[in-house]
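Engineer: To start, I am sharing the structure in question, which I have written as structure tokens.
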Amino acid sequence: MNNYPKLIAECSLHHITKASISVMCVLMCITSCGKTQRVSSQSDIEKTEWGYEAKNGPQVWAQLSPEYFLCAEGRHQSPIDLVNPTPTKLPPIPYNYRPTSMNIRNTGHTIEVACPEGSWIEVDSTRYQLLQFHFHAPSEHTVAGKPFDMEAHFVHKSEDGTLAVVGLLIESGRHKFEFDPIWSHLPTAPGETQRIENVTEDGSLIIDPRFMFSPNDQVRDVAPSRFGNYYRYEGSLTTPPCSEGVQWIVLTTPIEMSEAQIAAFKAIIHDNNRPVQPLNGRKLLVNSTKDE
Ligand SMILES: [Zn+2]
């Protein structure tokens, strides 16, 4: 019985001690844990942040994160050199791209234009929604070893999650007016998104992707329209995690952009091209018919 108050006292003391320890821990954390956490999370970022320099470029992507293992071990990787294709009667690929509001973002790796729902292509009777398009300089795909000044990738996704990317090769030549709305608002800082005043309610930009494909600025303004001749093969994302099962469609006819347009892009983003990957027995097909 006499022990009871003592027990209570001990318990309270215990509580007080525990409470003080907790408070001390919290204080210590505020003063030191924060620093430690910051350092460790920063080193995590440094460990996993991929790029195009020697320390974080395509040659070491797989070493930056276990999730990037396909970048080294994948057998169906992109881009590739488009050489010795097998001529085939490939079906036309209808595209229905609508003029709509879009935001232009500097991701640090590229300039990317995000597209709201409503634009699509059809490949093998499957519909793929246009998610975004972005640019590489120089091109990622080469044609018989020849690189182009730039390449645009139009990334689409089907309902079951399969990706189809349309590659558009770009060479130096005439000014491409259809890119002016984007080029006049290129976001220069990584993470920056350009919003255009007085265009749409949400402040984003109206551009019409249909006009970008025309090599000679002649727009066949019918919806849906069809791409011209194209290469076709199965590959991967050209950036980490280098996921495979991507349907690649690279148009055979390059478009032109002016030296000034190409230079304006390269002043912000340059050398963001993964080198070509081995074909490893995959089939590379190309239309055998002439463009309509
Ligand atoms: Zn790309």
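Engineer: Do any of Lys89/Lys283; Lys146/Lys283; Lys146/Lys176; Lys55/Lys283; Lys55/Lys176 go past 24 Å between their Cα atoms, and which? Let's see the in-between values first.
Structural biologist: Values: Lys89/Lys283 14 Å; Lys146/Lys283 20 Å; Lys146/Lys176 22 Å; Lys55/Lys283 33 Å; Lys55/Lys176 35 Å.
Exceeds cut-off: Lys55/Lys283; Lys55/Lys176.
Engineer: If I model a spin label at Ser125 and Ser243 as a point 7 Å from the Cα along the Cα→Cβ vector, what separation in nanometres do I get?
Structural biologist: Here the modelled spin labels are 2.5 nm apart.
Engineer: Once R0 is set to 41 Å, what does the formula 1/(1 + (r/R0)^6) return for the Cβ-Cβ distance between Thr86 and Arg174, expressed as a FRET efficiency to the nearest 0.05? Can you show the working numbers first?
Structural biologist: Working: r = 32 Å, r/R0 = 0.79.
Result of the calculation: an efficiency of 0.80.
Engineer: Multiplying the sequence separation of Thr193 and Ser288 by 0.36 nm and subtracting their Cα-Cα distance, what value in nm do you get?
Structural biologist: Values: separation 95, 0.36 × 95 = 34.20 nm, distance 4.15 nm.
Here the answer is 30.1 nm.
Each reported figure results from applying straightforward, stated rules to the coordinates on display, with no laboratory input. Fair warning: this is a prediction, and the values are worked out from it, not measured in the lab. Every residue, glycine among them, receives a Cβ derived from its backbone with ideal geometry; neighbour counts consider all protein chains shown.
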